[in-house]
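The values are calculated or read from the model by the stated rules, or taken from the named source; none is laboratory data. Bear in mind that the values here come from a model prediction, so they are computed numbers and not experimental data. Positions of Cβ are backbone-derived with ideal geometry, glycine not excepted, and every protein chain shown enters the neighbour counts. Heads up: the accessible areas ignore ligands, DNA and RNA and are worked out on the full protein's heavy atoms, side chains in. Shrake-Rupley method; radii C 1.70, N 1.55, O 1.52, S 1.80 Å.
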Amino acid sequence: MYTLNLDIAQFLSEYWQKKPLLIKNAFPQFEDPISADELAGLACEEEISSRIVVTKDDNWEVVQGPFEDYDNYGETHWQLLVQAVNHWYPDSQPLVEALRFLPDWRFDDLMASFATPSGGVGPHVDNYDVFIIQGEGQRRWTVGDNTPQQRRGGNPNSPLVEDFTPIIDVVLEKGDMLYIPPGFPHCGETLTVAMSYSIGFRAPSQQELVSEVADYLLDNNLGQQRFTSKTEPSSAGIVSQDHQVGIMSLLSELSQDPNSYQIVLGKLLSQNRFELDLCEGEEAYSIEDLQDAFAQGAGLSRIGGLKVLRLENDSAPRLFINGEVYELLNTPADIITLLSDKVSLNADEATELCQHEEVQTLLLKLINQGFYYLSDSDLNDSDLNDSEE
């Protein structure tokens, strides 16, 4: 397991989304959750997002995976990055759990990287929060201040930026962690062959929100209200300030109506950017199969990366799972909370939940869709999913 050496309350009040923080020995006795060979194996798979970044004389070449071999890249100046490792490699999930003091809806993925000396992706700015955890080896990281940055090559769409003045300049060693909020430029340089892990947390942009709301309104034939005015301008060719504000207020009214935005948010925030590794069985389970499995001590676990969310003060009792809505009209609120908060359920918990017919039906459906799977008792007894902080 991974025990995080961090004052979480202080971190949330002083650093989260405000300024970078270096945490030396954040994970005492840290062990890499995946080996370099295993990571290279994942990057061979078509459905897994991977890339190699090659450093070339202050420039970077990006090669998209999958990869059949790595011999032609040599022993220096390149880095392999694999996205959503937590989806495909269950042993990496405990590292994700260590940061589950932050809400699941923000969590993006666990990216793992293998880097050779002088390998890196160049100075860049991210639009999300990232925790960089060092495994085997050493990497030097520099972080600049959150000030306007000149994009490399004058390309406004490039994530790469010109060199910056560091406010943090440190060599990360095994178990160290660096937190970087959005907008702070940073750059990693590999000193020795190294493994490292980036855990990202992302929030939707205005573009994404507007797009999702528009799709929802169109799909459900909603949002038909039109602007009405109380006064008219003296000139026919002008759009008055009152009219401008009144027209745009139609959008703000939508944002004040839970019936207009709750389903949109629930579906949007429960989706995942990366493909999930569905765990579908050869044959569909029945209710009797589940009851028998739980009686024999089997537990129930989500596949890696699956988001199961509830909304506070929701207008209906329901869960949002992977972009879909599941209503639980006759299920107690504490049971819905348990389903959203726990990644794994032991046999007793699963048996108790299945006393509720709606929940039993839902769990059976999720298992047969490959979103949940029956797990052995050892996994559930570890209770990885409880966030005690």
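At a glance:
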read-out	value
Cross-link table 267/365; 19/56; 342/365; 18/267, entries beyond 22 Å C-alpha to C-alpha	19/56; 18/267
Relative packing of 57-64, 75-82, which averages over residues the other C-beta atoms within 10 Å, highest first	75-82, 57-64
In order through region 345-353: 3J(HN,Hα) via Karplus (6.51 cos²θ - 1.76 cosθ + 1.60), integer Hz, x for Gly, Pro	10, 7, 4, 5, 5, 5, 4, 5, 4
Net charge, residue 87 excluded, C-beta distance under 13 Å - Lys, Arg +1, Asp, Glu -1	-4
Order by protection proxy (mean Cβ within 10 Å, highest first), peptides 209-221, 307-319, 109-121, 340-352	109-121, 340-352, 307-319, 209-221
Shape call, region 74-159: gyration tensor on alpha carbons, a/c limit 1.5	oblate
Magnitude of the charge dipole, the chain, Cβ model with Lys/Arg +1 and Asp/Glu -1, debye to 20	1860 debye
Loop-resident sites, region 1-67, for trypsin sites (Lys or Arg not before Pro), counting at most 16 other Cβ within 10 Å (DSSP)	18, 24
Amide H contacts under 5 Å for residue 109, placed H, 5+ residues apart	200
Dipole moment magnitude, nearest 20 debye, region 211-305 about Cα centre, only Lys, Arg, Asp, Glu C-beta charged	780 debye
Convex hull volume per residue for region 181-282, taking Cα atoms only, in Å³	218 Å³
Accessible carbon and sulfur surface of the chain relative to its total accessible area, %, 1.4 Å	46 percent
Listed candidates [x] 1.02; [y] 1.13; [z] 0.97 - label of the one calculated as Rg/Rh (Cα atoms, Kirkwood Rh)	[x]
Charge sum, other residues only, whose C-beta stays under 12 Å from residue 362's C-beta, Lys/Arg counted +1 and Asp/Glu -1	-2
Order by protection proxy (mean Cβ within 10 Å, highest first), peptides 232-240, 290-298	290-298, 232-240
Residue-averaged 222 nm ellipticity for the chain, from DSSP H runs of 4+ at -39500 (n - 2.57), nearest 500	-7500 deg cm²/dmol
Which of 59, 372, 297, positive extreme of dipole for the chain (C-beta unit charges)	59
